[in-house]
Structure formats: structure tokens, C-alpha cells
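Asker: Starting off with a structure, shown below.
Rule-based calculations on the coordinates, nothing more; no lab input. If you're wondering where the values come from, they're calculated on a predicted model, not measured in any experiment. So basically every Cβ, Gly included, is an ideal-geometry build from the backbone, and we count neighbours across all protein chains shown.
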Amino acid sequence: MDVLNSRILLQPRDPEVTTAFYRDTLGLAIYREFPGGTVFFLGGGLLEIVGRASSGPSEDMALWLQVRDLHAELATLRERGVEPERGPRREPWGLDEAWLRDPDGVRIVLVQVPSDHPLRTDVRPSDG
């Protein structure tokens, strides 16, 4: 499969409230807007708020967002009235995570990769 682009499609119960949350509360940059939807940048991916759902999300779904400074992001979110569902902690797999929810209850996992974590290891072959 030769994937050229990707995005997550999120159908909220109230598109205006959810769009405002991702735009104003989380502060995600808008990639593009069109009648009936907004697409946000998510690092190397995109999040599209489109349509309208009649029910809430599955508990099995989570949006994983890697950030540079977890504590700074949480402080900013608290200033904007968002308290995490679960505060920051080091997980057994070595990542620092905090959880919050969007207006529909989608779990958002904010992740900081510690400097000594294997995900930060340069896996490119050396030239020597």
C-alpha cells in the first residue's frame, strides 16, 4: 500500500462545539475548512471534524497526541478550563501520559516521550 495522506474522521454530536474545542481549547491549527467540516493539523496527520453523530464514541477509541512538554500543555489547558481525566504519569512502557476528553467523550492521550526512551533512539544505520 502506497499511502499518500491520512486523516482521522471524527463525527461529533455537536460539530460547532467540537470544532471550537479542537480549535480554541486545544489550539490545533486549521489545515482547511469546507461547508460541513474543518480539518486540523495533527503533526504528521490530520483530524477532520465532519458530519454529525447520533451517539457517542466507543471507549475503545483514543486520539494519541505526542507533545514536546506535557506539563506545559496541561498548564495551558487548565488555564482554558480543561482538567485532565487522569494527570500525568510515567506508564510501564516508559511514556509520560495524561488523559482528557473532548466534548463527545473521545479520550485524548497527551504523550511526551522522555529523552532516554527507545523511541528517541536513532535507528538509521551508521556510515561506519
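Asker: Could you check the spin-label model distance between ARG89 and GLU33? Points 7 Å from the Cα along Cα→Cβ, value in nm.
Answerer: 4.0 nm
Asker: Where Lys and Arg each count +1 and Asp and Glu each count -1, what net charge lies around PRO103 among other residues with Cβ under 11 Å from its Cβ?
Answerer: Every neighbour counted, the sum reads -2.
Asker: Hey, another quick one. For the chain, give the magnitude of the charge dipole about the Cα centre (Cβ charges: +1 Lys/Arg, -1 Asp/Glu; no others), in debye to the nearest 20.
Answerer: Taking the Cα centre of the chain as origin, the dipole is about 100 debye.
Asker: Once you list every other residue whose beta carbon is under 14 Å from the beta carbon of MET61, what net charge do they have if Lys and Arg are +1 and Asp and Glu are -1? Working shown, then result.
Answerer: Values: positive: ARG101, ARG107; negative: GLU59, ASP60, ASP102, ASP104.
The answer is -2.
Asker: Could you point to the residue in THR38, VAL106, SER55 farthest towards the positive end of segment 23-128's charge dipole, with +1 and -1 charges on the Cβ of Lys/Arg and Asp/Glu respectively?
Answerer: Selected residue: THR38.
Asker: Same structure, new question: At a threshold of 8 angstrom on Cα-Cα distance, excluding pairs fewer than six apart, so keeping six or more, what relative contact order does the chain reach in percent?
Answerer: Relative contact order here is 22 percent.
Asker: Moving to a separate point now. Taking the convex hull of the alpha carbon atoms in segment 68-128, what volume per residue do you get, in Å³?
Answerer: On the way: hull volume 6.8 nm³, N = 61.
In segment 68-128, the Cα hull volume divided by residue count equals 111 Å³.
Asker: Grab the DSSP H runs of the chain that are 4 residues or longer, score each as -39,500 (n - 2.57), total them, divide by all residues and round the 222 nm result to the nearest 500 deg cm²/dmol.
Answerer: Taking each H run of at least 4 residues, the total per residue is -3500 deg cm²/dmol.
Asker: Given a Förster distance of 30 angstrom, what is the FRET efficiency for ALA72 paired with ILE8, based on the Cβ-Cβ distance and rounded to 0.05?
Answerer: So the FRET efficiency works out to roughly 0.80.
Asker: So for the pair ARG23, ASP60, with labels modelled 7 Å out along Cα→Cβ, what separation do we get in nm?
Answerer: Going from the ARG23 label point to the ASP60 one covers 3.3 nm.
Asker: What area, in nm² and to one decimal, does the C-alpha convex hull of the chain cast on average over all directions?
Answerer: 10.6 nm²
Asker: Averaging sequence separations of C-alpha pairs under 8 Å and six or more residues apart, then dividing by the length of segment 55-128, give the relative contact order as a whole percent.
Answerer: 34 percent
Asker: Can you give the % of DSSP beta bridges in the chain that are antiparallel, to the nearest 5? Numbers along the way, then the final one.
Answerer: Numbers: 19 of 28 bridges.
Of the beta bridges lying entirely in the chain, close to 70 percent run antiparallel.
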